[in-house]
Amino acid sequence: MPHRLAALTLALVVSLPLPAFAFDRIVDGGTFTNLVTGRTLTRIGIRLQVEPDGDITGNGMGWPVSGAWTWRDGFFCRSLNWGGDDLGDDCQTVLQNGDRLRFVAERGGGQFADFRLR
């Protein structure tokens, strides 16, 4: 009997509609630039400005962040320095859902970080 109850519960949970958290991929550098120009990307303890001239500035967890970026072949390619540590280069997929941008490392195959546009 407990197995049947568990199976029924699982079936009900699986059949419930999931909330829509759809992100749309940004493939055009101009679209990305228009979104971030004059705004701040925020995440807990992180505030970054991604400037149209290719500069990245801000701070993360109390340490300065600096870097550079370009848009290449549909990806946000950046190099970063955080508090004196070189975080290296990475080309990232950028996804948007309203005022949220999701950056997915390794051309979309790695870990992701969500930022709010403020």
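The values are calculated or read from the model by the stated rules, or taken from the named source; none is laboratory data. Treat the numbers as computed from the prediction; the structure is a model and nothing was measured. With ideal geometry, Cβ positions are generated from the backbone for all residues, glycine too; neighbour counts draw on all protein chains shown. Surface accessibility is based on the protein's heavy atoms, side chains included, excluding ligands, DNA and RNA. Shrake-Rupley method; radii C 1.70, N 1.55, O 1.52, S 1.80 Å.
In order along the stretch 34-51, the phi-based Karplus estimate (6.51 cos²θ - 1.76 cosθ + 1.60, θ = phi - 60°) of 3J(HN,Hα) comes to 4, 5, 9, 4, x, 10, 10, 8, 10, 8, 3, x, 10, 9, 10, 10, 10, 8 Hz; Gly and Pro are listed as x. Under 20 Å from a label point 7 Å along Cα→Cβ of Asp89: give me every residue in the stretch 96-118 with its amide N that close. Zone members listed by number: 104-111. Converting phi to 3J(HN,Hα) with the Karplus coefficients 6.51, -1.76 and 1.60 and the offset θ = phi - 60°, the stretch 78-84 yields 9, 10, 9, 10, 10, x, x Hz in sequence order, with x at every glycine or proline. Every Cα-Cα pair of the stretch 22-118 was included, and the share exceeding 20 Å stands at 28 percent. Given +1 at the Cβ of Lys and Arg, -1 at the Cβ of Asp and Glu and no other charges, the dipole of the stretch 27-118 around its Cα centre is 420 debye to the nearest 20. Dividing the convex hull volume of the alpha carbon atoms of the stretch 38-91 by its residue count gives 76 Å³ per residue. Accessible-area rank, largest first, for Glu106, Glu51: Glu106, Glu51, with all protein chains present and a 1.4 angstrom probe. Heavy-atom accessible area, probed at 1.4 angstrom with all protein chains present, ranks Asp85, Asp99 as Asp85, Asp99, highest first. Leu87 contributes an accessible area of around 90 Å² to the protein surface, as traced by a 1.4 Å probe with all chains present. Between Gln49 and Ala22, what FRET efficiency follows from the Cβ-Cβ distance if R0 is 35 Å, with the result rounded to 0.05? In this case the efficiency is close to 0.85.
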